[in-house]
Amino acid sequence: MLTFCFPAPLTKAFVTSPSLFFVFFPPNPKITACPPFASTSRISRILRATSTSTGVSISDGNDEALAGHRNNYSGVRLEETVAVDSRKLRLDSWISSRVSGISRARVQSSIRSGLVSVNGRIVDKVSHNVKAGDRVNCTISELQPLRAEPENIPLDIVYEDDHVLVVNKPAHMVVHPAPGNATGTLVNGILHHCSLPTVAFSNHDGLSDSEDNCDDGLGYFSVDQSSSTCQASVRPGIVHRLDKGTSGLLVVAKNELSHAHLSDQFKLHTIHRVYISLTSGVPSPLAGRVDIPIGRDSNNRIRMTAIPGPIKSKQGRHAASRYKVIEVLAGGGSALVEWRLETGRTHQIRAHAKHLGIPLLGDELYGGTKSMALSLLWPRTPSSCHGQLSQLVSEFERPCLHAMALRFKHPHTGKNIHFSCPPPSDFAEILNQLRKFSTAKP
């Protein structure tokens, strides 16, 4: 039984066209073929550019916003008996499986805080084994603020004014502090860049102890008011996040009003984002819409999964993605695919790509293993190139996903701002090598 008891300098390179973003489709269910996206030739030119700098343009816009909030599970109580047919399980794993959507790290924090008992006895060991018939009582702990220190971390600042900051995040950088990642994050670098003191950062649920996995979770961090060196009104905030392994554009709010405005745009899905990826194999059809709910994988708690069928609150949340093949590479062994998100669920692109049978190249968590990539590439390439391919694939250590374009309404001026950013060198290198084997436009 679950009981909810809640306590009270701009870099210029090229300009994106508004037509790159304004593409509307009917809400077709499931996976459906779609007409071609606009401005494919422009996208191709961006991808073929040798420069790694970014571009920006501004236009008028009239997007409306609506506020919302997100449950953080604090105070949720679980009182349940372990099922008779259950095998022996770790306590943290079993609780995680009974409270849909909560992170393992959050459960472990609750256990260590003495908020969990088994058969009436408090257990503070997360690896404690529970067995059939055990009576478990758990109260989910409050979110405890994390403290982030300013760090002199080089940042690729695409755009900055008094209200917003747009950053080109490198791959392998975690966005915000979390258990296991208290330093070296984007937030640490932003604090130094904005000359802010130590801050208390809201500790959000993640999928693991070691990664920032959320693609579109709303976050906020506020300045430590005990510091006399900073005004209380200075409160930059992370409005959305990218996976640790994902590179590309991310917007940060520099004050509370901007944070609220941008958060509303995300909740209404009026912020437009375009991603590109390299996939293992080629999707069929070559363009389409995936309307499949996404929920946590019951077999692997750090992974999400597509859940076909009617949405059930305990199994998944509505998720819709549009995709289009830009290039077929290496005789069909891989593809350059563009993605546009209608929703922003955790690992949405990665989970939907896996559901389509085309996991992202380098995405070991979602099936895009090196062996799978080579099994598709070797039969389609000359044997003399297999050694080169093996070396190329073995060196790629992240999901081949890049947030290439971003458009949102400026929270102060009301203008629509457009940004674009070509993929980093690791992505570009493997793309260029695959093109050498063969490339074809759909």
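The values are calculated or read from the model by the stated rules, or taken from the named source; none is laboratory data. Keep in mind it's a predicted model, so treat the numbers as computed, not measured. Here the Cβ is made from the backbone with ideal geometry for all residues, glycine too, and neighbour counts use every protein chain on show.
When segment 323-362 is examined, which residues are found to be in contact with a Cys (Cβ under 6 Å, 6 or more places away or on another chain) and either surrounded by fewer than 22 Cβ atoms within 10 Å (Cβ to Cβ) or in a loop (DSSP other than H, G, I, E, B) (or both)?
Just the residues of segment 323-362 that are in contact with a Cys (Cβ under 6 Å, 6 or more places away or on another chain), to begin with: 346, 360-362.
Result: THR346, LEU361, GLY362.
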Take segment 280-293 and flag every residue that is touching a helix residue (DSSP H, G or I) at 6+ places or on another chain (Cβ under 6 Å) and part of a strand (DSSP E or B).
SER280, VAL290
Restricting the first residue to segment 366-383 and requiring it to be within 16 Å of ARG398 (Cβ to Cβ), which pairs with a second residue that is among the β-branched types (Val, Ile, Thr) and crowded, with 16+ Cβ neighbours inside 10 Å meet a Cβ separation below 8 Å and a spacing of at least six or different chains?
GLY368/THR279; LYS370/VAL393; ALA373/VAL393
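Residue by residue, here is whether (1) within 30 Å of ARG435 (Cα to Cα); (2) out of contact with any Lys or Arg (no Cβ under 8 Å at 6 or more places or on another chain) holds:
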{"site": "ARG241", "(1), (2)": "no, yes"}
{"site": "THR246", "(1), (2)": "yes, no"}
{"site": "ILE271", "(1), (2)": "no, no"}
{"site": "LEU278", "(1), (2)": "yes, yes"}
{"site": "ILE292", "(1), (2)": "no, no"}
Examine segment 124-140 for a residue that is under 25 Å from ASP243 (Cβ atoms) and within 23 Å of the chain's Cα centre (by Cα), and state whether such a residue exists.
no
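Taking the condition more than 17 Å from the chain's Cα centre (by Cα), under 19 Å from THR279 (Cα atoms) and crowded, with 19+ Cβ neighbours inside 10 Å, does LEU365 pass? Give the derivation first.
Values: more than 17 Å from the chain's Cα centre (by Cα): no; under 19 Å from THR279 (Cα atoms): yes; crowded, with 19+ Cβ neighbours inside 10 Å: yes.
Here the answer is no, as LEU365 does not meet what is asked.
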Options SER110, SER96, SER127, SER103: the member that is hydroxyl-bearing (Ser, Thr, Tyr) and out of contact with any Ser or Thr (no Cβ under 8 Å at 6 or more places or on another chain)
SER127
Could you please let me know if CYS400 is buried (at least 19 other Cβ atoms within 10 Å of the Cβ), in contact with a strand residue (DSSP E or B) (Cβ under 9 Å, 6 or more places away or on another chain) and farther than 29 Å from ASN300 by Cβ?
no
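Restricting to segment 253-284, name every residue that is more than 22 Å from LEU361 (Cβ to Cβ), among the hydrophobic types (A, V, I, L, M, F, W, C) and surrounded by 24 or more Cβ atoms within 10 Å (Cβ to Cβ). Don't jump to the end; show me each part of the working.
Taking segment 253-284 first, the residues more than 22 Å from LEU361 (Cβ to Cβ) are 253-272.
Among the residues that remain, those that are also among the hydrophobic types (A, V, I, L, M, F, W, C) are: 253, 257, 260, 262, 266, 268, 271.
Residue satisfying the conditions is LEU262 alone.
What's the total number of residues in segment 124-140 that are assigned to a loop (DSSP other than H, G, I, E, B) and in contact with a Gly (Cβ under 9 Å, 6 or more places away or on another chain)? Let's see the steps before the verdict.
Let us first name the residues in segment 124-140 that are assigned to a loop (DSSP other than H, G, I, E, B), namely 124-128, 131-134, 140.
Checking the rest, the ones that are also in contact with a Gly (Cβ under 9 Å, 6 or more places away or on another chain) come to 124, 140.
Summing the residues that are assigned to a loop (DSSP other than H, G, I, E, B) and in contact with a Gly (Cβ under 9 Å, 6 or more places away or on another chain) in segment 124-140 gives 2.
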Return the residues of segment 172-201 that are buried (at least 18 other Cβ atoms within 10 Å of the Cβ), modelled with pLDDT under 75 and touching a Phe, Trp or Tyr at 6+ places or on another chain (Cβ under 8 Å); say none if nothing qualifies.
VAL199, PHE201
